[in-house]
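Quick note: the coordinates plus some simple rules give every number you see, no bench work behind them. Computed from a predicted model, the values in this text were never measured in an experiment. All Cβ positions, glycine included, derive from the backbone under ideal geometry; neighbour counts span all protein chains shown.
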Amino acid sequence: MQKLDIGGVLGRAANTYKEQAGILLPAALIVFVAVLVIGLVLGLIGSQLGVVGVILASLLVIAVAVVAHVLYQGMVVQTINDIQDGRRDASMSQLFSSVVPVVPALIAAGALLGLAIFVPTALIGYVVSPILAILVAFVLMIVIFTLFCLVAPVIVIERLGVIASLQRSRELVRGNELPVFLIFVIIFVALFIVSAILGAIVGAIVPRAGASAVLQLIVNVLLAPLFALVVTTIYFQLQPAAAPAGAGAVGGAPTQTVPGGPPAAPAQPAAPSQAPPSQPPPASPPPASPPPASPPPGSAPPT
């Protein structure tokens, strides 16, 4: 089992953020400015339709924001997958278009995890106590987010379904639950500090009426890439460890692959030898017969 390197994950995510900022930040700006504009338009329309209109507009804004975050996270996953060979080959539009087919699966997985937190929390809050419900929600968020944080990379890269992607995420994280949890604790603390600093700056510059929207936009553009990068980096560090041994192997020998790269070519069988078969050595000649014995001296020669 491969152990997760906390420092390595954070360092590589930060380096990738710097190297790919030219595509990650403009893409985030496009996505989240669009969300902001759509939210303002829907809010204005809903305010003209009374209470029901405001409720419907709020639900639509939430749906648009969810789709935008999912689409952007998938785009970041594809970006990291694309640079596994050391360079980025796809354009921004190609990266976005490659994620579109899996957006429904990403939304469905997020909704399923959300229900896994909301339903028990609501039941406990209704039957037992709201305070206990808050504690339960906090624990469930920690457990579910730790175990299933890799669902998005699995869906985008491996193209698995919702249930299969949940199972795959659990398989990848198994044995590294504590390091994954600590990584996200560090990320959330950093996000909180940066958001507080940005909030103070924006609050001093922007009028109160628009400060919240501007702050949300800045936080999304600057920090959404980092969060998605951390998740994807964890995936690529743990992915080889969970690959089944012997998959794609010849004769039971496992093949080595680079995450995001082409599979290793199977080993070719050895070519038969072209040398002719060796011939057995020739039999040795029979031993020579001994010469006839010479007659003794003085004896007559035979007649």
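Summary table
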{"quantity": "Neighbour cut-off at most 10 other Cβ (10 Å), DSSP loop, chymotrypsin sites (Phe, Trp or Tyr not before Pro), segment 15-111", "calculated": "none"}
{"quantity": "³J(HN,Hα), Karplus 6.51/-1.76/1.60, whole Hz, each residue of segment 34-50, x for Gly, Pro", "calculated": "4, 4, 4, 5, 4, x, 5, 5, 5, x, 5, 5, x, 5, 7, 10, x"}
{"quantity": "Cα-based Rg and Dmax for segment 1-144, where Dmax is the largest Cα-Cα distance (Å)", "calculated": "19.4, 58"}
{"quantity": "Cα extents of segment 87-223 along the three principal axes, largest first (Å)", "calculated": "54, 48, 28"}
{"quantity": "Inter-centroid distance (Cα atoms) of segment 86-165 relative to segment 9-28, Å", "calculated": "22 Å"}
{"quantity": "Under the Karplus curve 6.51 cos²θ - 1.76 cosθ + 1.60, θ = phi - 60°, whole-Hz ³J(HN,Hα) for segment 179-194, x wherever Gly or Pro sits", "calculated": "x, 4, 4, 5, 4, 6, 4, 4, 5, 5, 5, 5, 4, 5, 5, 5"}
{"quantity": "Hz values of 3J(HN,Hα) by residue in segment 136-152 - Karplus curve (6.51, -1.76, 1.60), Gly and Pro given as x", "calculated": "4, 4, 5, 5, 5, 4, 5, 5, 5, 5, 5, 6, 10, 5, 9, 4, 4"}
{"quantity": "Farthest toward positive dipole pole in segment 1-121 [+1 Lys/Arg, -1 Asp/Glu at C-beta], among GLY46, ILE23, GLY11", "calculated": "GLY11"}
